[in-house]
Every structure is written in structure tokens, then in C-alpha cells.
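What follows is one structure encoded as C-alpha cells, with my remarks underneath.
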Amino acid sequence: MVAGNAQEAVVRRDSPEPFTLVIFGASGDLAARKLLPAVYRLFRQGLLPEQFAVVGFARTAMTDDAFREEVRQALDRFTPGKAAAADWPQFASRLFYHRGDYSDAAGFAALRARLEALAASRHAPCNTLFYLATPPTVFAPIAEQIRACGLSAPGERCDGWARLVIEKPFGRDLASARALNAHIRNAFAEDRIFRIDHYLGKETVQNILVLRFANALFEPLWNHKYVDHVQITVAETVGVEQRGPYYDQAGALRDMVQNHLMHLLSLVGMEAPNSVDSDTVRSEKVKVLKALRPMPRACVASNLVRAQYGAGEVAGQPVPGYRAEPGVAPDSITETYVAFKTFIENWRWAGVPFYLRTGKRLAARVTEIGIHFKPVPQVLFNAAPFGPMAPNVLALRIQPNEGISLQFQVKRPGAGVRIEPFRMDFGYAAAFGGEPPEAYERLLLDAALGDSTLFTRSDEVEAAWAFLTPILYTCAEDQFAALPTYRAGSWGPKEADAMIEADGRQWTVFKRPAARKGREG
């Protein structure tokens with residue numbers, strides 16, 4: 001009954017106005033693997049308006065029919081059940097392709113004419129959602145070309161709205177993020193810019209706020225009086241794959257910490273918003289980022305660990321070390337693993353350490369937030385002969401095997417008093433009868449609806465970079481001759497274990513995901 005009600009709520013959701021989705025970088029991996037399958041699933045669920053269209057924009061020469069065939073192949077590869085024969089013709093009729101260079105004014109003028117003709121043929125307004133699925137180096141030039149040809153501002157063309165969706169990474173440091181924000185805002189108003197991080201589209205990430213603020217059981221305990229520390233783990237089993245040239249210029253700090261981990265940290269640490277409108281929620285997130293304790297140069301060495309993966313085994317298969325990956329410099333000092341400790345300097349979290357870690361080629365693919373509560377006093381059951389007992393832990397599993405686990409103490413049946421921890425578990429798949437929807441489905445639909453709650457505002461981007469940039473500069477200035485290494489397939493370097501163990505704690509993954517088939521995300 002609950003699952004049915006949840007599905008019913010999705011169906012009743014307001015449908016977007018007719019619009020055209022323009023995907024820059026339409027011939028790339030992101031479009032094939034994530035965006036186009038997400039659009040197709042939204043179409044099959046009836047969540048898109050009848051008069052919608054997709055225009056792929058890229059430098060590759062291609063006809064509309066050739067583009068449709070590429071999309072069909074992508075759906076066969078990345079969509080469970082493949083493209084259904086019954087509805088494929090209807091979906092394919094909404095797919096178009098436009099060849100152009102990202103710096104060519106004539107190509108963008110032709111794009112404008114194409115969009116206006118499409119809108120006229122469908123008797124629809126010129127609502128346009130521009131999606132930059134391109135390398136970050138062309139974000140600003142594309143936005144400028146959109147502005148210059150009159151596609152970014154209502155009133156300069158046929159009636160309709162124009163919105164811009166931008167993938168991460170948004171800048172390389174604070175200065176570059178500010179410069180990019182200035183470029184983008186020259187073309188689009190802030191309320192029409194949607195900086196996307198697919199982690200925020202995951203159902204379990206969104207459920208953090210519901211868990212905290214819709215349950216009287218948890219919110220009174222969510223502070224320094226009861227919480228000993230918080231752990232956030234984002235572990236990947238994959239290496240850099242085909243992204244070696246990009247990753248070697250970015251590293252884990254830029255690729256994962258600045259966005260994914262900062263988002264999770266701010267959702268865990270934020271105060272209750274007084275409404276669920278987008279600006280109110282995002283303003284509370286920004287307050288958390290601005291309250292992060294700066295990490296002076298002297299503290300980086302003791303509070304932060306960087307490392308690279310070496311050769312090893314993942315899922316029983318031998319894998320090369322990072323420096324042997326294609327596109328990676330053989331003497332690279334780019335980190336593939338980061339672990340660090342930070343503090344939120346406010347009344348709620350005073351003195352509570354937050355331990356964050358992320359890495360590639362680790363033992364399991366898992367994203368988990370662990371709220372570790374303070375141990376009970378050393379009296380009664382926590383004293384000998386019963387104690388010391390493991391403290392209560394609330395674990396929020398973001399992926400995979402999405403759900404929530406709570407560890408608490410119980411008496412084992414039998415003579416005498418034997419106390420041991422028990423784990424109570426909630427799983428989305430078991431409770432609601434299937435996998436949560438893909439993150440890109442939710443985010444694309446929200447952007448079409450103009451709902452920016454799950455997207456990153458400019459001051460949030462800059463606040464995250466303001467915390468991280470001094471750390472980046474310190475690491476760059478140190479010019480480590482060689483980073484610590486960890487064996488591929490392990491849980492990371494021993495230096496990261498030593499960092500948290502120095503505080504009398506240890507890394508935990510509360511409930512490791514069971515091996516099962518599922519989408520990567």
C-alpha cells in the first residue's frame with residue numbers, strides 16, 4: 001500500500017511545459033550512458049509533455065537518422081529491458097541532431113533557427129533546456145554563444161524560457177569557480193542556472209532531510225550532546241577507466257570531495273529549513289560550508305591523507321596501479337584516495353569530528369554515512385563484566401542496497417546476561433518493491449519544471465571551494481615525491497587508519513552491500 005501511494009504521488013506530479021532539451025556533447029559517453037536513457041525512461045513513464053524534443057549538438061558530422069540509431073544502441077546497452085519496440089518510433093520522432101562547433105557563431109545562429117522551426121512545427125513555445133555534457137573548458141564559451149545568438153533571454157526570441165544545466169566539475173579552485181560563475185551569469189540569471197551533481201538526485205540522499213526532520217526520534221539526538229563523531233565514506237571499485245588524462249589533472253580532492261562529499265556533509269550538518277523551497281534549503285547548506293573549520297597548513301599533514309592505488313585485485317581480477325593507467329603520467333603525484341577530519345564550528349556540532357574518505361579501486365562500491373553516537377556511561381551494562389559495549393550507530397546507505405541501518409544493544413536469550421549488538425535494517429528495494437529511480441531522471445525532470453532544490457547555487461560552489469582551495473595549495477606546494485600507496489581491492493592506505501585511530505576510533509562500513517545486480521551510479 002505504501003509503495004502504491006508513493007508511485008501515485010509521482011504520477012500526480014506537475015508535468016513540465018512543452019520544451020526542447022539541447023544536449024551539448026551529445027556524441028559523448030555521459031549522453032549515451034546517463035542522459036538519453038534517463039530521458040527515455042521519463043518518456044515511458046509519461047512524465048514528459050507530449051510536445052517535447054531532444055536536439056543533440058556536437059562536432060561530429062551526423063544526420064538525424066544516424067543520431068537516432070546511436071541513441072537506440074545506447075538504450076540497448078544502458079537501459080534495463082532495452083528500447084521497447086512499441087514506443088521506440090514515437091520516441092525516435094522527437095530526436096534531432098545539429099552539427100556545430102562550440103565557438104562557431106554561425107553554428108549557434110543555425111541552432112536558433114532550428115529550435116524556432118521545431119517549436120513552430122509542434123505549435124509549442126520555445127522553452128529550451130540547455131545541457132552542457134562537455135569538458136569544463138568549453139562551459140564558458142558555450143554559454144557566451146548561447147547569449148550572443150539570443151537564445152538565453154526570454155523576449156529575444158519567440159516566447160518561452162531558457163535554462164542551463166552544467167555538469168561538474170565547476171571550476172578547479174575558488175578563483176576559477178568565481179570566474180566561471182561570472183561568465184555563466186552574464187548569459188543566464190542565477191535562478192535559471194542548474195549546476196548538477198547526480199548524487200543529489202539519489203532517493204537516499206533526499207531522504208536524509210526526511211529522516212532528520214520528519215522523525216521526532218532522531219532530530220533531538222542530532223547534535224554534539226549525543227553524537228560522538230560522523231563518518232562519510234564514498235568508495236569506488238573502479239579505477240580511472242578512460243578518464244586518465246582528466247583525472248590526472250583533477251584528483252580525488254577536486255573530483256569527489258569538492259562536490260559529492262561536501263553535499264553529503266552539508267545535508268547531515270544543516271539546520272532545519274523553515275520551508276522546503278529551493279533557496280531556503282540551499283541557504284542552510286551554505287551555512288554549514290561556511291562554518292567548516294579552516295585547515296591551516298600545519299594541520300593538513302595531521303588531518304588529511306592522500307594516496308594512490310597500486311596494483312592488486314578487484315572482484316578476483318588483477319588490475320594495474322594508477323601510474324600504469326592509460327593517460328596517467330608515470331611519475332604522477334595525483335591522489336586517488338583522500339581521507340580527512342574536519343569540524344563544523346557552530347552550536348549544534350561544536351567539538352564533533354567529521355571523518356570523510358573517498359577513493360578508487362577500494363574493496364567495495366559503497367556510499368555510506370555513519371552517525372556514531374556517544375557510548376553509554378561506564379556503569380550498569382557498560383561496565384565489566386558486560387562492557388565495554390559498541391556504541392549505537394545509525395548508517396545511511398546511499399548506494400548500493402539503498403537503505404538505513406540502526407545498531408543497538410540487546411540481551412541474547414538464555415541464562416545470564418549476555419549483551420550483543422543487533423542491527424535493524426530498512427531497505428528501499430524490499431520496502432517499495434524495486435530499485436529507486438535513476439538520479440538523472442529526477443534531476444532532468446526538476447530542471448524542466450524549474451525546481452532548483454537539488455541543484456547547487458553559486459554561493460554553495462564558492463563556499464566549498466573556499467574551504468578546499470587552501471588545502472589544494474598546501475598539497476601542491478609540498479610536491480610530495482611519492483604519495484603513500486594502497487593495494488587495489490583494499491580499504492585504503494594504513495596512514496588513513498592511523499589518522500582516525502589516533503583519536504581512539506576506527507573506520508567502519510556499517511553494513512556492507514550484498515552482491516547483486518544493479519545500476520552503477
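Before moving on, here are some points about what is shown:
- Violating pairs (Cα-Cα greater than 29 angstrom) within the set LYS168/LYS285; LYS225/LYS360; LYS285/LYS341: LYS225/LYS360
- Residue-span extension gain [SER275 to THR63] - 0.36 nm each, minus C-alpha spacing: 71.6 nm
- Mean Cβ neighbour count within 10 Å, used as a protection proxy, ranking 334-343, 142-151 highest first: 334-343, 142-151
- Amide H within-cut-off set for ARG195, under 5 Å, with H built and near neighbours excluded: ILE166, THR456
- Spin-label model distance (nm) - PHE422 vs ALA117, 7 Å beyond Cα toward Cβ: 6.9
- Antiparallel DSSP beta bridges within the chain, percent to nearest 5: 55
- A simple charge model with +1 on the Cβ of Lys and Arg, -1 on the Cβ of Asp and Glu and nothing else charged puts the dipole of the chain at about 1020 debye relative to its Cα centre.
- Model label points for LEU221 and ALA502, set 7 angstrom from Cα along the Cα-to-Cβ axis, are 3.1 nm apart.
- Degrees, to the nearest 10: 278-290 long Cα axis against longest axis of the chain: 50
- Helix 105-121 vs. the chain, principal-axis angle (Cα, 0 to 90°, nearest 10): 80
- Semi-axis lengths, largest first, of the ellipsoid equivalent to the chain are 41, 27, 23 Å, with √(5λ) applied to each eigenvalue of the Cα gyration tensor.
- Charge sum, other residues only, whose C-beta stays under 10 Å from PHE188's C-beta, Lys/Arg counted +1 and Asp/Glu -1: +2
- Extension gain for the segment ALA214 to ALA390, taken as residue separation times 0.36 nm less the Cα-Cα distance, is 60.6 nm to one decimal.
- R0 of 30 Å, Cβ-Cβ distance LYS287-ALA179: FRET efficiency to nearest 0.05: 0.75
- FRET efficiency for ASP101 and ASP191, using Cβ-Cβ distance with R0 set to 35 Å, rounded to 0.05: 0.75
- Structure-based [θ]222 nm, the chain - -39500 (n - 2.57) summed over DSSP H runs of at least 4, per residue, nearest 500: -10000 deg cm²/dmol
- Per-peptide packing, taken as the mean over residues of other Cβ atoms within 10 Å, places 85-91, 131-137, 175-181 in the sequence 131-137, 175-181, 85-91 from highest down.
- Under-5 Å amide H pairs with ARG505, H placed in peptide plane, nonlocal only: none
- Against the chain, whose longest principal axis is taken from its Cα atoms, helix 64-78 shows a tilt of about 20°.
- Cβ-derived FRET efficiency at R0 30 Å, GLU241 paired with ASP87, nearest 0.05: 0.40
- Sequence-distant residues sharing a close amide H with VAL328 (under 5 Å, placed H): none
- The mean accessible area for residues of the chain, using a 1.4 Å probe and ignoring ligands and nucleic acids, is 44 Å² per residue.
- The heavy atoms of THR456 offer some 10 square angstrom of accessible surface to a 1.4 angstrom probe.
The values are calculated or read from the model by the stated rules, or taken from the named source; none is laboratory data. As the structure is a computational prediction, the values presented were derived from the model and not from experiment. Cβ coordinates were reconstructed from backbone atoms using ideal geometry, including for glycine residues, and neighbour counts include every protein chain displayed. Please note that ligands, DNA and RNA were not included when accessible areas were found on the heavy atoms of the full protein model with its side chains. Shrake-Rupley method; radii C 1.70, N 1.55, O 1.52, S 1.80 Å.
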